[in-house]
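The values are calculated or read from the model by the stated rules, or taken from the named source; none is laboratory data. Values in this document were obtained by computation on a predicted structure and should not be read as measured data. Glycine also receives a Cβ, built like all others from the backbone with ideal geometry; neighbour counts cover every protein chain displayed.
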């Protein structure tokens, strides 16, 4: 009997972990009874009672497992690590807040049985904040055009991944993995399934400007060179323009062109423009250096505090 794993990352989702696990169990019992299954929650150090709720859920159903992290390891490391801990022939990754509809699971499985190694859910529309959705679409288009890797537009990482892909990412040894980039980079046989993203069922999203910025910078610094090259080109042309302007002012000064009375305003404006460009590209270079620094330190993806319902009974300080 084939086994399917459903991996669900969570952080402060006390109102959602119960309903999402019930919904998934119902789907397997009613629509996919021919498959064995496991539901693996990985909790990123929730502080609202989610961890206690998970322990209660796991005690009632041994198909449901949980990994409790010692602290919050971020929006990328924790789900990536959770996928690598699953034991199924395929892993389905989805959000805990019902924004990735559980009803898509049978569709994922059907396409997987048709031979696709990755079945990705693509947002065609969303009931989230319209401005945020617009910013996301702009981001996907920009990063797709900037990178040599053809990023998948409106793909958040939810979908089904065959065991062969899970084996691949388990061997990457990447301390800051970006799943969306990895899926695009390693062109496994993939099927896209469109869906409309609903609103959160309950609770408050942990996504904010910083988390969205972090995702954007990780993708840019990991998969593009355009930022650094743009700094080089703009700096080169700005230097040429500055040199030409300096020559013009020198000629005006030497010829005593009294009719020219622009004063110091153009010079001051030029200094501020050049200074702002320098600060912007120094900051961008710093993002690349930060990416390199994180990879060089090579800290573990996740450190576990506890595992629940795992047969191997790993210790409380598991790392990868």
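Points worth noting:
- Residue count for region 277-303 under the criterion of being within 24 Å of residue 170 (Cα to Cα) and either touching a residue at least 60 places away in the same chain (Cβ under 8 Å) or surrounded by 14 or more Cβ atoms within 10 Å (Cβ to Cβ) (or both): the result is 11.
- From the list 176, 182, 143, 166, the lone residue that is modelled with pLDDT under 80 and in contact with a helix residue (DSSP H, G or I) (Cβ under 7 Å, 6 or more places away or on another chain) is 143.
- Checked against the criterion of being under 17 Å from residue 304 (Cα atoms) and within 21 Å of the chain's Cα centre (by Cα), the candidates 6, 40 yield just one match: 40.
- Residue match in region 93-110 (condition: assigned to a strand (DSSP E or B), surrounded by 16 or more Cβ atoms within 10 Å (Cβ to Cβ), touching a residue at least 12 places away in the same chain (Cβ under 8 Å) and in contact with a strand residue (DSSP E or B) (Cβ under 6 Å, 6 or more places away or on another chain)): yes
- Members of region 18-52 that are assigned to a helix (DSSP H, G or I), out of contact with any strand residue (DSSP E or B) (no Cβ under 6 Å at 6 or more places or on another chain) and closer than 18 Å to residue 102 by Cβ: 18, 19, 20, 22, 23, 25, 26, 27, 29, 30
- Scanning region 148-173 for residues that are under 14 Å from the mean Cα position of the chain (by Cα) and either in contact (Cβ under 8 Å) with a residue 40 or more places away in the chain or buried (at least 18 other Cβ atoms within 10 Å of the Cβ) (or both) yields 151, 152, 154, 155, 156, 157, 158, 159.
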